[in-house]
Ligand code: AMP
C-alpha cells in the first residue's frame with residue numbers, strides 16, 4: 001500500500017477543503033458598549049461562524065456581547081458551548097438555552113477548558129475580562145502551550161490602542177516581532193475567520209532559548 005500514497009498536491013487540496021475551525025472560543029464583553037457597531041459586529045461574526053459550521057465556545061453568560069453572540073448562533077441552528085464556574089451559575093447569569101453548559105469549579109478551570117474545547121481564540125470588543133482572556137491565550141501561544149490562532153475583531157478601531165501598545169512593546173524590546181505577529185487583527189468578521197483558518201503556528205524555539213539563557 002505504501003507506493004500508493006497520494007501525491008503532495010492532492011493532499012494539499014484535501015487539507016485545504018477540511019474545516020480547520022470546528023469551534024472558536026470568542027471572548028466578549030459582558031456589556032454591549034456605547035456604539036451599536038459593537039453588537040452589530042458580534043452578530044455578524046456569529047452569523048459567519050454559523051454559516052461556516054463553526055461552533056461557539058464562550059463564557060456562558062446571557063448578558064452583553066456574550067449574549068448577542070450566543071443568541072445569534074443558536075437562532076441560526078449552530079452549536080454553542082458555555083463554560084462557567086459554579087459560583088457564576090449560582091448567581092443566575094448563565095444562558096439557559098445553550099447546546100451545552102459546562103459547569104466548572106473555578107475561573108482557572110474555566111479558561112483551561114475553554115482553551116481545550118476550541119480550535120482558535122477571538123476577542124470582540126469588551127472590558128478587562130475580555131482583554132485578560134485574549135492576552136492569556138496569546139501568551140500561551142508564545143510559550144507553545146497551544147498552537148491555535150488568536151485574533152481580535154477591531155470594529156470601530158476599538159483595539160487600536162492595544163495594537164499601539166503591542167507595537168510599542170516590540171520597539172522597546174519586550175516583545176519579539178514574530179510573537180507580535182501571532183495576533184491577527186481586522187474589522188471584517190469574514191476576513192477574520194479566513195485568516196484564522198489559514199494561520200500556521202510559528203516556531204517557539206527562539207523564545208524558549210531566550211528565556212533559558
Ligand atoms: P468583560 O470584558 O470585563 O465584560 O468580561 C467578559 C469576559 O469575562 C467574558 O469573555 C467572560 O468569559 C467573562 N465574564 C465576565 N462577566 C461575565 C458574566 N456575567 N457571565 C459570564 N462570563 C463573564
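Within the stretch 92-115, how many residues turn out to be in contact with a strand residue (DSSP E or B) (Cβ under 8 Å, 6 or more places away or on another chain), more than 24 Å from residue 75 (Cα to Cα) and in a helix (DSSP H, G or I)?
Total satisfying the criteria: 5.
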Task: helices (runs of 4 or more DSSP H) fully within the stretch 143-213 counting 2 or more residues that are modelled with pLDDT of 95 or more - done: 160-171, 177-180, 189-198
Task: Residues of the stretch 133-153 satisfying the condition of being over 15 Å from residue 195 (Cβ atoms) and in contact with a helix residue (DSSP H, G or I) (Cβ under 6 Å, 6 or more places away or on another chain) - done: 142, 146
Open item on the list: Could you tell me how many of the residues in the stretch 50-63 are in contact with a helix residue (DSSP H, G or I) (Cβ under 9 Å, 6 or more places away or on another chain) and either within 12 Å of the ligand (Cβ to nearest atom) or part of a loop (DSSP other than H, G, I, E, B) (or both)?
Closed with: 9
- [ ] Just name the residue that is nearest to the chain's Cα centre (by Cα) out of those in the stretch 120-135 that are within 11 Å of the ligand (Cβ to nearest atom) and part of a helix (DSSP H, G or I).
- [x] 134
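Yes/no matrix, rows are residues, columns are (1) near the ligand (Cβ under 10 Å from one of its atoms); (2) loosely packed, with under 15 Cβ neighbours inside 10 Å:
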{"residue": "78", "(1), (2)": "no, no"}
{"residue": "90", "(1), (2)": "no, yes"}
{"residue": "95", "(1), (2)": "yes, no"}
{"residue": "115", "(1), (2)": "no, no"}
{"residue": "118", "(1), (2)": "no, no"}
{"residue": "141", "(1), (2)": "no, no"}
{"residue": "152", "(1), (2)": "no, no"}
{"residue": "168", "(1), (2)": "no, yes"}
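The values are calculated or read from the model by the stated rules, or taken from the named source; none is laboratory data. Note that the structure is a prediction, hence the values are computed from the model and not measured. In this analysis, Cβ positions are derived from the backbone assuming ideal geometry, glycine residues included, and neighbour counts consider all displayed protein chains.
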